[in-house]
Each structure stands twice: as C-alpha cells, then as structure tokens.
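Below: the structure, in structure tokens.
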Protein chains: 2
Amino acid sequence: MTPESTITAMARAARAALPALAAATAQKASAIRHAAKRLRERASELAAANAQDMAAGAARGLNAALLDRLALDGSRIEALAAGLETVAALPDPVGEAFRHWTTPNGLAFTRVRVPLGVIGIIYESRPGVTADAAALCLMSGNACLLRGGSEAAHSNEVLLDCMAQGLVEAGLPAAAIQMVPAGDRALVGAMLAAHGLIDVIIPRGGKGLVARVQADARVPVLAHLDGINHLYIDAAADPAKAVALAVNSKLRRPGVCGATETILLDAALSPATARAVLAALADAGCDLRADAAARSLEPRATAATAEDYDTEWLDKVASVATVDGVAGAIAHVQAHSSGHTDAIVTENEATARAFLTAIDSAIVMHNASTQFADGGEFGFGAEIGIATGRLHARGPVALEGLTTYKTLVMGSGQVRA
Amino acid sequence: MTPESTITAMARAARAALPALAAATAQKASAIRHAAKRLRERASELAAANAQDMAAGAARGLNAALLDRLALDGSRIEALAAGLETVAALPDPVGEAFRHWTTPNGLAFTRVRVPLGVIGIIYESRPGVTADAAALCLMSGNACLLRGGSEAAHSNEVLLDCMAQGLVEAGLPAAAIQMVPAGDRALVGAMLAAHGLIDVIIPRGGKGLVARVQADARVPVLAHLDGINHLYIDAAADPAKAVALAVNSKLRRPGVCGATETILLDAALSPATARAVLAALADAGCDLRADAAARSLEPRATAATAEDYDTEWLDKVASVATVDGVAGAIAHVQAHSSGHTDAIVTENEATARAFLTAIDSAIVMHNASTQFADGGEFGFGAEIGIATGRLHARGPVALEGLTTYKTLVMGSGQVRA
C-alpha cells in the first residue's frame, strides 16, 4: 500500500466509526474509564515497554530532556489514568444547543454542537499524548488518527491497546482511535495532504514539528505554539502584587508555554518597586537580560541584545525592558509578542482597560500570573493545547474547541419568495 | 519585486492599518456609507469601465454566463451601493463580550470578539465582490487584500477607488482595503503561501477556484462551496407542504448553492402525494432523473444514473430516489450530501428529530425550503458566503464569522500554586 492509501483506509474507517459515537455520552465516558482501568492493570507491562523505548533512545543518543519526556514511571502512569478519569467526568459538549433565534417568517434557528469529525494528532516523544489526546477526541465525539514518535513506539502500542480495550468494553468501534505506524515519515505527509478525509490536524510538540505541519498541511491545522509572553508592570502597580506576579509568571515553571519571557517596567514605576521586582527574580536564580535603565537598578542584570526580546527562554532567564507607560508597553508587546498571553499589573482601571483593549493576544490578563494560561486553570477540566492561530479556537482548547456546530432550521412549510 | 515581496509589503501595510480600525465603529460605517455615495456618483464612469471589461471579455470569447457575472449596469450598481448601506447599518461585532465565567480563585474570564486580522479574498469575474467583500471585512474590523479576476480589472479599479475614497473621507487608512494586481497568477500563489502575513483566505467563485485554493493554501481557508442538497419527503409529510417545498427548494432559483439537487421519496409515501410532487416539478419544466419506482409515478421522468446522485445540477434538473423511510433517507444523504443543506418534510416530530440529529450538514431543515440557506434569510443582514468546512464557521458567514475572540482574565494579584 502507498502512504496515501494507508491513510485513506484508516481515515475512512475512522469516519465510519463516527455515527456510533454520536449521542453516546455514557458509552464514551465508560470507554475512557475502562481504558484507565486497563492502564492501571497493565502498568508494569507499560513500564517494561517504556524501558525498551528508553534503552533504545539512550542508545540513539537522545538528550536528557527528550528522555525525560519519553519516560513513563509508575507515578506518571497513575497520573495518566487519573487524567483519563477526569476527562470521562467532563460534560459532553456534543448536542448542546447554544443559540436560538427566529426570523419574522416564523423560522426557528438553533445552533447545536457537533464533533469536528476525524482528527489527526501528530506528536513527538511524549507517549502520554496517546492516552490523553485520544480521550479528549473521544469524549468530544471525534475519531482520531494518532501519529506518535518512533522513539515511543513500544509504549504507544500498549497505550493504544488499553484505549482499544476501553472502546470495545464500552461497545464502541475500535476504529475510533487508531495509531498510524511510526517510522515512515511519508505517512505524516499523507496525513497532512488528506484534505476531505481528515478534518483537522493538531500537532503537539516542539516548534520544529508545528512549523513543519503548518508549512505542509492541506488539512486545517489547530496549532499549539509556545509563547513569548509579557508582564508589564505599570507605574500604578501595587508593589507587592508586582513582585509576586513577576516571580510567579516567570519562575513557577519556566518551561511551560504560559511562562513570562519579558518583564516590561514602566519608566515611571518607583525605583523601589522596580528594584524589588528585579531583585526578587535575581534572588530566585533568574538570569536577567536588561536594558541600561533596568541594569542601573539591579547589578546582577546583564545587557540585553535586540534578539533577546524575541527569544522564548523557557528557562530561568528573563528579558527586561523599560517602556514609556502603557502606550510604550502596548507598542513593545505588539512588536514582540507571539500572541499567546500578555499581562498588565496596575491598580489603575483605565490603564488596564487600555492594555486589555489594545493587546490582541489569545489571552490578555490584568493582575494575574501568566502561568494561569492553561485549560485546567480556565476551568475546562483538561486541554489538548493552547491555540495561537486566529481561526476556530484561541487560547486553551478543550472539549468545546474540538467541536463545531450545525444550524437546525425548523419551519412549518415556509417557502422563499 | 518578487510576488512574495509584493504580497509581504501589502500584507504588512494592511496589518499596520488594523489598530486604526479597532474601536472605530462609527468611522467604519461612515467609510462604507461614503463609498456607497461615491459609487452612485461615479456610476456612469463605472459602467464605462465595465463596458471595456465586457468588450474585452467578449473578444476573448467568454461565455454568456461569465459575461453575465461580469456585467454591471445601472441597477446592479445601485444594488451594490444599497448593499454597502445595509452592511454599514449592521451592528459592529468587534468588542462584544459574549461569555463570562469565574473560577474559585476569583479570576474573572471574559471572551471578547476581535477581528480575524488580514483577510485575503480571491475571486473571479464578479466585480461586485470588490465592494461587498471589502465592506464586510471593514465592518468587522479586518483589513483585506482583494484579488479579483483580470477580466474585471477596469471595473475593479473604479470600485476599489470608491472604497478608498470612503476610507479616506472617514479618516481611516486606505491600506485597510487593497487590490492585488490582476493578471500575474504568481501573486495568488504568494497569497496562498503567506502564512503569518495573511490570517485567512476566502475564495469566492466556482469549484475550480475553491479547489485550487484548498489544495495549495498554507494559510487557513474559509471555503464557500456549492451544495448537493437533499429534500426528503417522509410518509408523514403534509401533501401540500411537500409539493410547495419541493418546487421552491428546487426551482425558485435553481442556480444558487442552497437549491435542492435530489428529492428523496419515502417508499411508504402515498402514491398520490409522490405523484403530485413529481408532476408539480415536471409541470414547472424540471427535468427529473429518477429511479424505477419514481418513474412509475411520473412518465416524464427519465432513468437516473449512479452519477446523477452525486451531481450538482444548478439547473432545472432534479435527481429523484426512493428510500426506505427516514433511515434510508439518512443513509442516502450521508452517502451523497456535500454537507451544505439537507431537509426533511414530515409532520412526525420524532422522525424529524431523527433526521436532524443524524444529518451532519452545516444546515439541516425541517419543513422549510432549502433556498433559505442564505445569510440574509438567517437574519444576518448580509453574507460573505456559505462555509462548508468544519472549522471556525459553518453555514452562512457574515460579520460574526469574520471575527475571532480573545479571553480577558481579570485578577487581583492571583499567582498559580
């Protein structure tokens, strides 16, 4: 079979499974709970498969960060199973009638949420995606074609089998969750070209993967990129909040996509507050790349280059720039933000409103840590990622973001003039 | 300049115009009303430019249908101007806060509509698109790059100039509405490849154009395709409604994308009703391509081929198939529908519900003519087209479909644990 015919056959089988997932709330949840049970039962088998992957990865010279992403120990497996149970407990978005209107001729319109259809998930070393992405797709009534990294092939095989067991035990077709064989990169190309067969592709991984998918896909893409996020500390900021928000936004987990990368200091901010912010970051081990004004306040800061303000550090490093009030902050953010999450710290409501209105990132915050940019923290119960594109969904994408809608039109025999 | 650098420069200028369009409701409406005024003032100039295009088109051998699409006479120009005024009177979608929620830690979330950004419109011979698509983009706060057909180049030049006059007279940047030079097809390729510069491409034209755009685009596409639409007449249909809906759905305007292409007759429908439906269509000059059962009821019907059920006639031709109740209708529609609009005629609510639930087209109707598949008839005041893709917007797309959202998060200093 060619890569195209392989993907065509898999996508058709996935599509054929869709009617069985419609109006099957209890079965979908049951399948996911059964999968969680199987995952726990087969934890040692999964750990052994993962050990094979880890050994092969080490032999191939994968670096420590990649090996860490690949690893599945007992506690990670338990977290995966618990995550599945969380998804199974979420409300089913499918069938929700979320808008009604009528027209003067008596037609009644209703918008109803429906699944997107067949979703292709392309990911790298993290084997946990096999379980969590599949569960989110299933709970939102979608079928999925998963394409994990070859480095996780043994782990993924056990994980897929647990998901398949869950489907079968709940009376749902196993074709609703399928794994595209790893190793043959032409299969990824065929997925990206499968217009009309795959309804949307979701890449989950590093920038290289996302960029390749965006460049090559003929299928719509929901892209989950990382973020160059800003925290602007206005002259009217509360000093204690400024320090706490800067430290938390940058350092709580510096490697997540919601971490702040650049601290913007209002030139009119009291030097005492600016010093306190910078000292708190430096005291916590954060490397500061700052302009001259900021360096004059914190001797541990080093000089920033122009590129630093376009760099996503994902580490205990922060760029620091001094800006002229909220207008200067807006101009800096518009020039450098990746459109993920940007925040202002101020007690002045008008200033906050100006920032919130002008900044067009997926998430714009006032007096809150950028690390709240997360589906769980938004109250969605889970997330498949943060969308930074402009179509369909922006910000954390959870079950609702994996649906679309149809419009029902109810009449009593109306004809159009 | 290369095609890429031309498009890059135009898209950057368009993006630079976006802040001026934000929170400019009155100015946007004023620009569109001024453009309408200029269009009326310059009607004879526009008609003369159009006569040049028509003469060149006739010399090039364009067929009658293409020449009709190209033509702009006084009444069409007045209709365009009136259409602009309709758009200017629509409520501004930008800034609408359409969802609020809070989380237990006191964070307050608000989703606010924002423009999509820079929209590329690629269209063919209809010069009116230059005015109506530009007005819809502008009213929704977007900048646009228009790429019309070379056959309409003289008409489009005058139309663009009217739009530019409107922008300038309202104090808005002319770069908000730009025309990509016609003739050089490489410029279309550069638009389709302009990921990150153009936020969405909207093709408006025949299937060939839409298919090319969908096949080649690296930019997200909102596609407006035609429809293979079905009207299913159930055994429990009211006979008079069945006749009226079949005639209107098929024949009111057979060439629009919401026209019905296939009539499905329930095998249990009374022969008298089935005969009345088919006779009414045949009496009105509709060519019927029917299966044997339907032919036995209407002698003027001819035998349908298998391909007829996958054909979009856009003419006074209907495919007719006999199906086994609503389950048979659902199976036929799932196999043959293009996902645009499908309808059921029945007085049985449970049967209607089964159809409305199972059919996953963008629009699903009960006892209403498929010809209501139109933004104006939906109450949207205008439309840029009917989206049959699954992401972002489905069905008629008007101002709201030309926006996305951002999420504002309001805190009081919350940090993440």
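The values are calculated or read from the model by the stated rules, or taken from the named source; none is laboratory data. Because the structure is predicted, anything quoted here is derived from the model rather than measured. For neighbour counting, all protein chains shown are included, and Cβ atoms are generated from backbone atoms with ideal geometry for every residue, glycine included.
Residues checked against (1) touching a Gly at 6+ places or on another chain (Cβ under 8 Å); (2) aliphatic (A, V, I, L, M):
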residue: B:His230; (1), (2): no, no
residue: B:Ala237; (1), (2): no, yes
residue: B:Ala246; (1), (2): no, yes
residue: B:Ile263; (1), (2): no, yes
residue: B:Ala268; (1), (2): yes, yes
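Having 2 or more residues that are within 26 Å of B:Thr2 (Cα to Cα), modelled with pLDDT of 90 or more and touching a helix residue (DSSP H, G or I) at 6+ places or on another chain (Cβ under 8 Å) is the bar; report the strands (runs of 3 or more DSSP E) wholly within the stretch B:142-234 that clear it.
The qualifying strands (runs of 3 or more DSSP E) are B:143-147, B:177-179, B:200-204.
Give the number of residues within the stretch B:399-417 that are within 11 Å of A:Val364 (Cα to Cα) and in contact with a helix residue (DSSP H, G or I) (Cβ under 6 Å, 6 or more places away or on another chain).
The total comes to 1.
Considering only residues of the stretch B:374-417 that are within 9 Å of chain A (Cβ to nearest Cβ), in a strand (DSSP E or B) and hydrophobic (A, V, I, L, M, F, W, C), which is farthest from A:His340 (Cα to Cα)?
Per the criteria, the residue is B:Met410.
Mind checking whether some residue in the stretch A:267-281 is within 14 Å of chain B (Cβ to nearest Cβ), modelled with pLDDT of 95 or more and under 16 Å from A:Glu312 (Cα atoms)?
no
Which of the residues spanning the stretch B:22-43 are out of contact with any helix residue (DSSP H, G or I) (no Cβ under 6 Å at 6 or more places or on another chain) and of a type outside the set (Lys, Arg)?
If the condition is that a residue be out of contact with any helix residue (DSSP H, G or I) (no Cβ under 6 Å at 6 or more places or on another chain) and of a type outside the set (Lys, Arg), then B:Ala22, B:Ala23, B:Ala24, B:Thr25, B:Ala26, B:Gln27, B:Ser30, B:Glu41 are the ones that fit.
May I ask you to list the residues in the stretch A:150-171 that are in contact with a strand residue (DSSP E or B) (Cβ under 7 Å, 6 or more places away or on another chain) and of a type in the set (Gly, Ala, Ser)?
A:Ala164
Considering only the stretch B:212-241, state which residues are under 15 Å from the mean Cα position of the chain (by Cα) and within 12 Å of chain A (Cβ to nearest Cβ).
If the condition is that a residue be under 15 Å from the mean Cα position of the chain (by Cα) and within 12 Å of chain A (Cβ to nearest Cβ), then B:Val221, B:Leu222, B:Ala223, B:Leu225 are the ones that fit.
The conditions are (1) more than 14 Å from chain A (Cβ to nearest Cβ); (2) of a type in the set (D, E, K, R); (3) over 21 Å from B:Val326 (Cα atoms), and B:Glu261 fails exactly one of them. Which is it?
All conditions are met except number (3).
How many residues, within the stretch A:133-142, are among the aliphatic types (A, V, I, L, M) and more than 14 Å from A:Ile122 (Cα to Cα)?
Total satisfying the criteria: 4.
If you go through the stretch B:322-341 one residue at a time, how many are in contact (Cβ under 8 Å) with a residue 40 or more places away in the chain and either more than 10 Å from chain A (Cβ to nearest Cβ) or more than 13 Å from B:Val364 (Cβ to Cβ) (or both)?
Of the residues in that region, 13 qualify.
Quick check, is A:Gly375 within 24 Å of the chain's Cα centre (by Cα) and buried (at least 22 other Cβ atoms within 10 Å of the Cβ)?
No: the conditions fail for A:Gly375.
Taking the stretch A:342-359 on its own, how many of its residues are among the β-branched types (Val, Ile, Thr) and more than 10 Å from every other protein chain (Cβ to nearest Cβ)?
Qualifying residue count, the stretch A:342-359: 3.
Residues B:Arg253, B:Arg295: which one is within 12 Å of chain A (Cβ to nearest Cβ), of a type in the set (Lys, Arg) and farther than 21 Å from B:His366 by Cβ?
Within the list B:Arg253, B:Arg295, the selection yields B:Arg253.
Yes or no, residue by residue, for (1) away from chain B (no Cβ under 14 Å); (2) charged (D, E, K, R); (3) surrounded by fewer than 16 Cβ atoms within 10 Å (Cβ to Cβ); (4) more than 25 Å from the chain's Cα centre (by Cα):
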site: A:Pro19; (1), (2), (3), (4): no, no, yes, yes
site: A:Ala43; (1), (2), (3), (4): yes, no, no, yes
site: A:Ala51; (1), (2), (3), (4): yes, no, yes, yes
site: A:Ala71; (1), (2), (3), (4): yes, no, no, no
site: A:Gly74; (1), (2), (3), (4): yes, no, yes, no
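I need the full set of residues from the stretch B:177-224 which are under 29 Å from B:Ala31 (Cα atoms) and of a type in the set (D, E, K, R), in order please.
Within the stretch B:177-224, B:Asp199, B:Arg204 qualify.
Only one residue in A:Gly166, A:Gly189, A:Gly171, A:Gly206 is outside the structural domain of A:Thr341 (by TED's automatic domain parsing), buried (at least 24 other Cβ atoms within 10 Å of the Cβ), of a type outside the set (A, V, I, L, M) and farther than 30 Å from A:Thr346 by Cα. Which one?
Only one candidate passes the filter, namely A:Gly166.
Do you know which residues across the stretch B:360-373 are of a type in the set (Val, Ile, Thr) and more than 8 Å from chain A (Cβ to nearest Cβ)?
Listed by number, the list holds a single entry, B:Thr370.
Which of the residues that make up the stretch B:73-132 are on the phi > 0 side of the Ramachandran plot and in contact with a Gly (Cβ under 6 Å, 6 or more places away or on another chain)?
none
Could you figure out which of (1) of a type in the set (Gly, Ala, Ser); (2) closer than 16 Å to B:Ile233 by Cβ; (3) surrounded by 14 or more Cβ atoms within 10 Å (Cβ to Cβ) isn't true of B:Ala267?
Of the numbered conditions (1) of a type in the set (Gly, Ala, Ser); (2) closer than 16 Å to B:Ile233 by Cβ; (3) surrounded by 14 or more Cβ atoms within 10 Å (Cβ to Cβ), the odd one out for B:Ala267 is (3).
Check off (1) closer than 20 Å to B:Thr403 by Cα; (2) at pLDDT below 95 for A:Thr404 and give me the number that stays unchecked.
Every listed condition holds for A:Thr404 apart from (2).
What tally of residues in the stretch A:320-359 results from selecting those that are closer than 20 Å to A:Ala240 by Cα and either of a type in the set (Asp, Glu) or within 23 Å of the chain's Cα centre (by Cα) (or both)?
The qualifying residues number 5.
From the residues in the stretch A:105-124 that are among the aliphatic types (A, V, I, L, M) and surrounded by 18 or more Cβ atoms within 10 Å (Cβ to Cβ), which one is farthest from A:Val213 (Cα to Cα)?
That would be A:Leu107.
In the list B:Asp374, B:Asp308, which residue meets the criterion of being in contact with a Lys or Arg (Cβ under 9 Å, 6 or more places away or on another chain) and free of Cβ contacts under 8 Å to residues at least 40 places away in the same chain?
After applying the criteria, what remains is B:Asp308.
Only one residue in A:Ala17, A:Ala11, A:Ala71 is without any contact (Cβ under 8 Å) to a residue 40 or more places away in the chain and among the small types (Gly, Ala, Ser). Which one?
Being without any contact (Cβ under 8 Å) to a residue 40 or more places away in the chain and among the small types (Gly, Ala, Ser) holds for just one of A:Ala17, A:Ala11, A:Ala71, which is A:Ala71.
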